[in-house]
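Here's the structure, in structure tokens; my notes come after.
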Amino acid sequence: MNKRKRKFSIYKILALMLFIASLFMGYIVYKVNLLPDKYLYLVLGGLCFINIFFDIFLMRKKAKKGLRILFSFLTIIVLGVMCFVAHYILNTLGFLAKIGPKDYKTETYSVIVLKDSKYKKIKDIKDLDIGYYSNSEGAKDANKKVLKSIDANFKDYDDANEASNDLLNGDIKVIMLEDSVMSMVNEDNPEFNTKTKVIYKFVIKLKSKTKAKDVNVTNKPFNIYITGIDTYGEITSVSRSDVNIVATVNPKTKQVLLTSIPRDYYVQLHGTTGVKDKLTHAGIYGVDKSITTIEDLLDIDINYYVKVNFTSLIDIVNALGGITVYSDYTFTTIDGVHFTEGNNNMNGEQALSFARERKAFLEGDNQRGKDQQAVIAALIKKMCSKSIITKYDSILNSLNGKFQTNMSSNKITSLLKMQLNDMSSWNVSTYNLQGVNSSNYTYSGGNTKLFVMEPVLGSIEEAHNLINDVKNGKKLKASYTYDGPVTTATNNYDSKEETNNEEKKDEITTKEDTKTKKNTKEYEYAIACDNIQDEMCLVESDEVEEEEAICSADKLPEPLSKEDEEGVKKCSENLTCPKDYKYSNGKCIKTKYEKKPLCKTNYHYEKTGMVCCPDNYSYDATIKACVAD
């Protein structure tokens, strides 16, 4: 009798465990809010059916013993499956709980001395003057942090290069720079890194001012700013923004437009006047500065941002099991990774090398922007594929703490829920803002001229129009195709092998088919231009004519540039230079212009330069000619 009751109690315990597990499963599936209603109801209905069906055999006294034993084993298997699924769901809930706007950003400061100096730690520089770059947002907080460790005096610099030069020249013994500013100094003066050492490093937290401009992301178009900073490690760090892409998403038409802006674009940083700066330098002041600057440039609203760094990309791509990326060219990166024209399989490290390379291309940063877009398009394609289900856990782990966004977890789950509901493919199109290489003074660079890219105004207008087209429901031509053979990217590539392969290829190359060149015209190389006169482009010449300094009491134009301010100091009265004159070294310099061929709007970048096509013709890269529209 006791034995019989004990048997019955085991079945009851299993039935009770199944009931409790089903309740828990139903709760967390509902709580995660990822499943569309049709799947949610199916899951909940399935849980109810399993409980009723299994209970019939576990709880009925008249059920055959063999069936009871069978359903006991099946119950144990079902409980195991539920535990496995619950693990995934709980991981998802934990991941989503960590997503959302962070109300702070971090700046890392380094206290720097000459490498051959006697100073080795922070206490060794007690009572010395410390030079610091005053334009860093957290500079004053950094000074207070140092004062907690030692007594010191501070000398402010509004030019980081001037501070670094004073250190190298021995005019000051210690300087303190935020790490992103120090990276900029190292880039402008490579010997700075070899002649100095860091004796103290610390991090400070600053309040972030970035707020989302929320919309219903499942039925309203929106813009996301994708920024990639040039660092490894902590994602909250401020740093130069090497990747600047605006993703315009229309969830109804399944259209994504990736608009890439070159890192060296010469723009007015939001909230500043006078001297412009590289767009990449906006990241030094935080992602909020980058967002507002791009909003000013393109005359758009940016709803959300996503910030990643080098570590993020490597981990995400590896978690996905690699991605297939389309390359416009065959080339080898500075890291020794080789890619072929067409589709390439890449792991995380190779994808990062591909996205960072610019020196292998004549177009430089323009081509790098296109390659970054290609990587993003490949990530979108892989993340929307069915294969993601088997890699779900590793993807969540790779994303954990590796990106920063002001999009709430509710918005993200809404997008995921929509994608799971229709499993639609997305059409990804790209556009790249164009510019002309130049050099100029920058807001962050002080009195040193830096390489910049002068914007082509026509391309800014075109980007604005394309973004509006996508938001208004227009479908654009897809920029990538994944048809055709796929090559695996190669590390530590030998360039001699590439040369031999090219020679063999040339031997078997036949004449290009000319039938596709009907209705074509030859193109000419020209430049895009904003300063147009007599159907020619006026480009500032390096030659100058010196004139005497002109001092007058006329009101100076506002805002003053740093050169104007210097001119005022050297004149007894306010200095104004006539039109087409610039102040330099106490004199007004007359600017000379050269007339060059003009390419107003119908242009295209090719390896060897900028192609200019006649009206009613557009450039066809496959046959390298201008084809009638």
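Of all residues in region 283-324, those being over 13 Å from the mean Cα position of the chain (by Cα) and among the small types (Gly, Ala, Ser) number 4. Return yes when Val375 is in contact with a strand residue (DSSP E or B) (Cβ under 7 Å, 6 or more places away or on another chain), open to solvent by less than 20 Å² (accessible area, probe 1.4 Å) and not in a helix (DSSP H, G or I) and no when it is not. The answer is no for Val375.
The single residue among Lys155, Lys140 that is open to solvent by 40 Å² or more (accessible area, probe 1.4 Å) and part of a strand (DSSP E or B) turns out to be Lys155.
Can you spot a residue in region 122-135 that is small (Gly, Ala, Ser), open to solvent by 20 Å² or more (accessible area, probe 1.4 Å) and without any contact (Cβ under 8 Å) to a residue 60 or more places away in the chain? Yes - at least one qualifying residue is present in region 122-135.
Do we have Ser398 as touching a Gly at 6+ places or on another chain (Cβ under 8 Å), in contact (Cβ under 8 Å) with a residue 24 or more places away in the chain and of a type outside the set (A, V, I, L, M) here? Spelling it out, it is not the case that Ser398 is touching a Gly at 6+ places or on another chain (Cβ under 8 Å), in contact (Cβ under 8 Å) with a residue 24 or more places away in the chain and of a type outside the set (A, V, I, L, M). Confirm whether Ile150 is in a loop (DSSP other than H, G, I, E, B) and β-branched (Val, Ile, Thr). Answer is yes for this residue. Of the residues Asn406, Asn432, Asn468, the single one that is among the polar types (S, T, N, Q) and surrounded by fewer than 20 Cβ atoms within 10 Å (Cβ to Cβ) is Asn468. In region 272-283, is there at least one residue being open to solvent by 10 Å² or more (accessible area, probe 1.4 Å), in contact with a Ser or Thr (Cβ under 9 Å, 6 or more places away or on another chain), within 28 Å of Val217 (Cα to Cα) and not hydroxyl-bearing (Ser, Thr, Tyr)? Among the residues of region 272-283, not one is open to solvent by 10 Å² or more (accessible area, probe 1.4 Å), in contact with a Ser or Thr (Cβ under 9 Å, 6 or more places away or on another chain), within 28 Å of Val217 (Cα to Cα) and not hydroxyl-bearing (Ser, Thr, Tyr), which makes the answer no. Filter region 40-82 down to residues that are open to solvent by less than 90 Å² (accessible area, probe 1.4 Å) and in contact (Cβ under 8 Å) with a residue 60 or more places away in the chain and give me whichever is nearest to Thr413 (Cα to Cα). The qualifying residue nearest to Thr413 (Cα to Cα) is Met82. Would you say Lys118 is in a strand (DSSP E or B) and open to solvent by 60 Å² or more (accessible area, probe 1.4 Å)? Taking the combined requirement at face value, the residue does not satisfy it. Every condition in (1) open to solvent by 10 Å² or more (accessible area, probe 1.4 Å); (2) within 14 Å of the chain's Cα centre (by Cα) is met by Thr259 except one, and the failing one is (1). Entry remark, region 344-363: residues being in a loop (DSSP other than H, G, I, E, B), more than 21 Å from Ser385 (Cα to Cα) and touching a residue at least 24 places away in the same chain (Cβ under 8 Å) number 6 in total. Residues of region 378-398 that are open to solvent by less than 30 Å² (accessible area, probe 1.4 Å) and either under 14 Å from Thr218 (Cβ atoms) or modelled with pLDDT under 80 (or both): Ile395, Leu396, Ser398.
Looking only at region 163-182, decide whether some residue is over 23 Å from Ile125 (Cα atoms) and without any contact (Cβ under 8 Å) to a residue 60 or more places away in the chain. Checked region 163-182: no residue is over 23 Å from Ile125 (Cα atoms) and without any contact (Cβ under 8 Å) to a residue 60 or more places away in the chain.
Looking at Tyr39, Tyr109, just one residue is modelled with pLDDT of 80 or more and farther than 30 Å from Gln419 by Cα, and that residue is Tyr109. Looking only at residues of region 410-424 that are touching a helix residue (DSSP H, G or I) at 6+ places or on another chain (Cβ under 8 Å) and among the polar types (S, T, N, Q), we find that the one that is most open to solvent (accessible area, probe 1.4 Å) is Asn421. Of the residues that sit in region 196-216 and are assigned to a loop (DSSP other than H, G, I, E, B) and touching a helix residue (DSSP H, G or I) at 6+ places or on another chain (Cβ under 6 Å), which one is most open to solvent (accessible area, probe 1.4 Å)? For region 196-216, the residue satisfying everything is Lys209. Looking across region 83-99, just one residue is surrounded by 15 or more Cβ atoms within 10 Å (Cβ to Cβ) and small (Gly, Ala, Ser), and that is Ala86. Among the conditions (1) open to solvent by less than 20 Å² (accessible area, probe 1.4 Å); (2) part of a helix (DSSP H, G or I); (3) of a type in the set (A, V, I, L, M), the only one that Val325 does not satisfy is (2). Considering (1) in contact with a helix residue (DSSP H, G or I) (Cβ under 8 Å, 6 or more places away or on another chain); (2) charged (D, E, K, R); (3) more than 20 Å from Ser385 (Cβ to Cβ), the lone condition that Glu341 does not fulfil carries the number (1).
Checking each residue of region 297-319 against the condition of being within 21 Å of Ile460 (Cα to Cα) and assigned to a helix (DSSP H, G or I) gives at least one match. Only one entry of Leu476, Leu450, Leu466 meets the criterion of being in a loop (DSSP other than H, G, I, E, B) and either among the aliphatic types (A, V, I, L, M) or in contact with a helix residue (DSSP H, G or I) (Cβ under 7 Å, 6 or more places away or on another chain) (or both), and that entry is Leu476. State whether the residues of region 235-243 include one that is more than 18 Å from the chain's Cα centre (by Cα), over 15 Å from Arg368 (Cα atoms) and either modelled with pLDDT under 90 or open to solvent by less than 30 Å² (accessible area, probe 1.4 Å) (or both). Checking region 235-243: not a single residue is more than 18 Å from the chain's Cα centre (by Cα), over 15 Å from Arg368 (Cα atoms) and either modelled with pLDDT under 90 or open to solvent by less than 30 Å² (accessible area, probe 1.4 Å) (or both).
The values are calculated or read from the model by the stated rules, or taken from the named source; none is laboratory data. These numbers were taken from a predicted model, which means no experiment stands behind them. Cβ: placed from backbone, ideal geometry, glycine included. Neighbour counts: every protein chain shown. Surface accessibility is based on the protein's heavy atoms, side chains included, excluding ligands, DNA and RNA. Shrake-Rupley method; radii C 1.70, N 1.55, O 1.52, S 1.80 Å.
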